[in-house]
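A.B. asks: Structure in structure tokens, see below.
The values are calculated or read from the model by the stated rules, or taken from the named source; none is laboratory data. Nothing here was measured: the structure is a model prediction, and the numbers come from that model. Cβ placement follows ideal geometry from the backbone for every residue including glycine, while neighbour counts extend to all protein chains displayed. Ligands, DNA and RNA are excluded from the accessible area calculation, which covers all protein heavy atoms including side chains. Shrake-Rupley method; radii C 1.70, N 1.55, O 1.52, S 1.80 Å.
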2 protein chains.
Amino acid sequence: MTVDALLSNSKQLSPDEVEWQLIIDAIDPAIRSAVADMVENHAAASVEVFYSTLLTHPEATPFLSNQIVNDHLHSALLRWLQSLFSATAPDLAQLIATQRRIGLVHARMRVPMHVVMHGARLLKNTLRKLLFEIFLTPADLSTAIDYIENMMDLAIEMMSREFVRDLQKEIETDEAYRLVTLGQDVTLEREVQRAALLDWGHKILLAICCNAPPPLPSLESSGFGLWLNHKGSLLFPNTMGIEHIRTSMRRIDRVLIPALSAQVPPDTARIHELQAQIEEIRFLMDDLFKESEALESGRDPLTSTLNRRFLPTIMAREVAQSLRREVPFSILMIDIDHFKSINDRYGHTGGDAVLRGVAEKLISSCRTSDFIFRYGGEEFLIALVETDIKRAFQVAEHIRENVTHILTQPTGSSFSVTVSIGVATFDGHPDYTHLIEDADRALYYAKAEGRNRSVIATDALASLPQLQ
Amino acid sequence: MTVDALLSNSKQLSPDEVEWQLIIDAIDPAIRSAVADMVENHAAASVEVFYSTLLTHPEATPFLSNQIVNDHLHSALLRWLQSLFSATAPDLAQLIATQRRIGLVHARMRVPMHVVMHGARLLKNTLRKLLFEIFLTPADLSTAIDYIENMMDLAIEMMSREFVRDLQKEIETDEAYRLVTLGQDVTLEREVQRAALLDWGHKILLAICCNAPPPLPSLESSGFGLWLNHKGSLLFPNTMGIEHIRTSMRRIDRVLIPALSAQVPPDTARIHELQAQIEEIRFLMDDLFKESEALESGRDPLTSTLNRRFLPTIMAREVAQSLRREVPFSILMIDIDHFKSINDRYGHTGGDAVLRGVAEKLISSCRTSDFIFRYGGEEFLIALVETDIKRAFQVAEHIRENVTHILTQPTGSSFSVTVSIGVATFDGHPDYTHLIEDADRALYYAKAEGRNRSVIATDALASLPQLQ
């Protein structure tokens, strides 16, 4: 049956079920039965090969161990293979539900999808070899290989879809937890952990001075150490600071404390080093909290425009919305002319005043539905939603005229500022970096043509030969 | 060559390069050359089949169109196929870089991975059929099929890894943008958009009263409408409120305004309906902002314990850390005994006071590195980091004794509260739901045994036959 026939003939089949039905319809029942026998006879050995190879995969080790494989996974994979290649026609709804559940469990366990695909590839290689031994006519062999490849691949596709969906939800929640916790409790958190660190420092000195019997309490198992490994690393992911603190902590626990507890009276130099390491940790921790405040603000503190790190979020959404709703979408790439010489002449205070002044003009020239980013040192990017190229050029010219004014310095001196603007509109390419490149090229052309002007990307493109 | 031989023989090969080299080493140069010829001759037709099928895939339509395929994707896929199956040995580093770049672009464009896998499956089916026509001995056929399947699958694996990595970063940034914007500008945002809605309402009434020539300005293209579609939907994703507002907006733009502008003098009933719809939108918008405030707080307002929605974040991390660092991890599932009768007897104020009182005892009994969740109505879950089962049971008993005390009501009446506690420890299973189920079972047993007690999951399991 064709896809259309399947979809129209039986109202009960969902699009997912149609996918499976197409594969199952293509196979002769006798061949399916032979494949089922083969899987039944060789599944255990195939699963053995599968896990012995996967256990050596570097990205599988965080969640795979011999014990987990033996206790849970070996029998689960066996059941999965047998249900996928059963001799009788499978219950499609159940088949789909199984693949989804596996995808969901993998997302919860953070088993990377590509590791699962790697495992499936190994299994397919093993099963394919067996098919060559069983099926002797090319026609039967071809059908059987198609059957095995498509059943396995479709199962992995469905797992993958569920995996990505669920992972997305989990990552959103992780990030929400991090930001909510940072936003609410961060000052209290910092004070509590500063105190916990000092408390441990006090206890350890006391133990050393009083010659307490070993083992002395380690910093890693103290309130501070536990917080760092379990909450700190969640609040400040991907930062070097946490790693530096861990290094100091290890030095204290594995070198300094054993040395101090072994010697009576304690070595004064070692005690000073211990104190220095504790100070170092305190300093690093303060830094962590400070850094995160700056990072979480989302806006450039000088100009109040959006932080560039949010550009992918906005551009991907707007491009998708343009495609889906068929509304226009344009961007402006704006660069302050001769900014370096302004900075050289009026100092950084002058430069900062210009940046603030230009940003104010940008904000007042745009609607509340537009997005204004600080793109680089003296560069801004504006995303103009539901705006065609003609209107975008008008906005650009309005901004350019608005900016070209006299900025009065607190010192009384004044000077004029101009900007060059590249204008580009969404042309249907789903990768937003193409749009940014278009605007960049137009801006480059505006600069090359003498600055203080707005240039449309397509015009710049048409004129490009002249540039060379 | 084996994996080990490859890794030790040539220091230059990375683990990824070894994967490719193994596939390439397994194929005879003559067969590789024949496959390369075949791909060269049939690639264009295969790509044609690929896109004509993929263009009907429901999840491919948001980013695939005939124009995009013809302008960009067709030739890109052709080049990809030819480079993957070249007659000469490929540059491995470049091969890997290509797959990664594709994965990254797919993540940026939000092309779902399973759609790519679906396309690859179609391509493999086409190529496999061709192989059966070319290779006549089973040995050659087997080698050629292995080669094509493994090259394609490994390419998809590498894309997948990059895709998930990059998607993760993008989702984090999306969520950060949303929360940062909600946290900072939300009150201003609400006021500005309320005003924008009123402003449009005023303009449209004026236009109707003055009998202005059509077309009258639509709400969707007003400042408010643009904000709703471009920023509101980003700030409040997955909420029904946005959809309800869109429905009202469509009714206004497509039914009410055309009707009002067609009739002179305007129909009073229609004007009243317009006003009612605007009020409805204002009401829905206020609701959206209010809801989001509650949702973003992260903590249960009554007990100040963590919102249950963060449970997956914490449990997945702690289970992974236990596996990796080989430290123990235990949880307590705590239920207030006879809570229903407390509520019945003392009313909701009494019930709330008990919940708050118990939560305070939990917080004071735990370390700052532990996590306390409101799990259900009268149920709490505590994640005790780096804590073995013996210590966890001690904490449970400490909590139980601490809670069993007399709560004095503001009215002067007093009553005693007890809790039942299920205690479970991480046993190596990477899916944290197993751990929660263990604790749940132990709690059930503690209840069945007469309440006001702590029960360890393994003990509960051993005693289960008695329960029946």
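A.B. asks: Let me check the size of region A:10-89 from its C-alpha atoms; what are the radius of gyration and Dmax in Å?
C.D. replies: Looking at region A:10-89, its Cα Rg and Dmax stand at 16.2, 47 Å.
A.B. asks: What length, rounded to one decimal in nm, is gained on full extension from B:L104 through to B:A89, with 0.36 nm per residue of separation minus their alpha-carbon distance?
C.D. replies: This chain segment gains 2.9 nm when fully extended.
A.B. asks: Taking only the Cα atoms of region B:211-296, how large is their convex hull per residue, in Å³?
C.D. replies: 83
A.B. asks: Right, next: At 20 Å minimum axial length over the Cα atoms and a Kyte-Doolittle cut of -1.0, report the qualifying DSSP H helices in chain B, or say none.
C.D. replies: Those that clear 20 Å and a mean of -1.0 are B:29-54, B:92-109, B:113-134, B:138-209, B:268-296, B:311-325, B:339-365, B:389-403, B:432-448.
A.B. asks: Distance between Cα centroids, region A:138-201 to region A:318-334: provide it in whole Å.
C.D. replies: 30
A.B. asks: List, shortest first and in nm to one decimal, how far the label point of B:V192 (7 Å from Cα along Cα→Cβ) is from its counterparts in the other copies.
C.D. replies: 3.5
A.B. asks: For region B:359-378 and region B:227-253, write down the distance between their C-alpha centroids in whole Å.
C.D. replies: 38
A.B. asks: Sticking with this one: Which whole number gives the average count of other chain Cβ atoms within 10 Å of the Cβ atoms across peptide B:107-117?
C.D. replies: Mean shielding count: 6.
A.B. asks: If you average over every viewing direction, what projected area does the convex hull of the Cα atoms of region A:222-374 give, in nm²?
C.D. replies: Convex hull of Cα atoms, orientation-averaged projection: 14.9 nm².
A.B. asks: List the lysines whose Cα sits under 18 Å from the Cα of A:K169, skipping any in the same chain fewer than 8 residues away.
C.D. replies: Within the straight-line limit of under 18 Å, A:K169 reaches these lysines: B:K169.
A.B. asks: Would you mind getting me the FRET efficiency between B:D199 and B:Q12? Use the beta-carbon distance for r and R0 = 60 Å, nearest 0.05.
C.D. replies: According to the calculation, E is roughly 0.35.
A.B. asks: At B:A276 and B:K340, where each label point lies 7 Å from the Cα along Cα→Cβ, what is the point-to-point distance in nanometres?
C.D. replies: Each label point is offset 7 Å from its Cα along the Cβ direction, giving 4.3 nm.
A.B. asks: Using 19 Å as the Cα-Cα cut-off, could you pick out the over-long pairs in A:K124/B:K129; A:K290/A:K361; A:K290/B:K231; B:K340/B:K447; A:K231/A:K290; B:K290/B:K361?
C.D. replies: In this structure, A:K290/A:K361; A:K290/B:K231; B:K290/B:K361 exceed 19 Å between Cα atoms.
A.B. asks: If I ignore ligands, DNA and RNA and count only protein heavy atoms, how much of A:S33 is accessible to a 1.4 Å probe, in Å² to the nearest 10?
C.D. replies: 40
A.B. asks: Something else: What are the extents of the Cα atoms of the protein assembly as shown along their three principal axes, listed from largest to smallest and rounded to whole Å?
C.D. replies: Extents along the principal axes: 84, 84, 71 Å.
A.B. asks: What do you get for Rg/Rh over region B:3-172 if you use C-alpha atoms and the Kirkwood form of Rh?
C.D. replies: 0.98
A.B. asks: Please report the accessible area of B:M117 (heavy atoms, 1.4 Å probe, ligands and nucleic acids excluded) in Å², nearest 10.
C.D. replies: Approximately 20 Å² for this residue.
A.B. asks: Roughly how many Å² is the accessible area per residue of the protein assembly as shown, as a whole number, for a 1.4 Å probe?
C.D. replies: Per-residue value: 45 Å².
A.B. asks: Quick one: compute the contact order of chain A, relative version, from alpha carbon pairs under 8 angstrom and 6+ residues apart, as a percent.
C.D. replies: Answer for chain A is 10 percent.
A.B. asks: Just to be sure I understand: if you take the accessible area of chain A alone plus chain B alone and subtract the pair, with a 1.4 Å probe, what total do you get in Å², rounded to 100?
C.D. replies: That pair hides around 8100 Å² of surface in total.
A.B. asks: For chain B, give the percent of accessible area contributed by carbon and sulfur heavy atoms, probe 1.4 Å, rounded to a whole number.
C.D. replies: 54
A.B. asks: Calculate log10 I(q)/I(0) of chain B for q = 0.07, 0.09, 0.12 Å⁻¹, where I(q) comes from the Debye formula with a single equal point scatterer on each Cα and nothing for solvent.
C.D. replies: Here the Debye-derived log intensity ratios amount to -0.69, -0.95, -1.07.
A.B. asks: Other chains near A:128-138: what is the mean number of their Cβ atoms within 10 Å of each residue's Cβ?
C.D. replies: For peptide A:128-138, the averaged partner shielding equals 2.
A.B. asks: Please give the Cα centre distance for region B:381-399 versus region B:90-108, rounded to the nearest Å.
C.D. replies: 48
A.B. asks: Then there's this: 7 Å along Cα→Cβ for the label point: how many nanometres lie between B:L216 and each equivalent label in the other copies, listed shortest first?
C.D. replies: Label-point distances to the other copies, shortest first: 8.2 nm.
A.B. asks: May I pose another question? Using only atoms on other chains, find how many Cβ atoms lie within 10 Å of each Cβ of peptide A:150-163 and report the average.
C.D. replies: 4
A.B. asks: What does the accessible area of A:V116 come to, in Å² to the nearest 10, when a probe of 1.4 Å is used?
C.D. replies: Estimated to the nearest 10 Å², A:V116 gives 20 Å².
A.B. asks: Rounded to the nearest 500, what is the 222 nm mean residue ellipticity of chain B from helices alone, with -39500 (n - 2.57) per DSSP H run of 4+ residues and division by all residues?
C.D. replies: -22000 deg cm²/dmol
A.B. asks: With 28 Å as the cut-off, how large is the P(r) tail for region A:308-467, expressed as percent of Cα-Cα pairs?
C.D. replies: Above the 28 Å cut-off, region A:308-467 has 20 percent of its Cα pairs.
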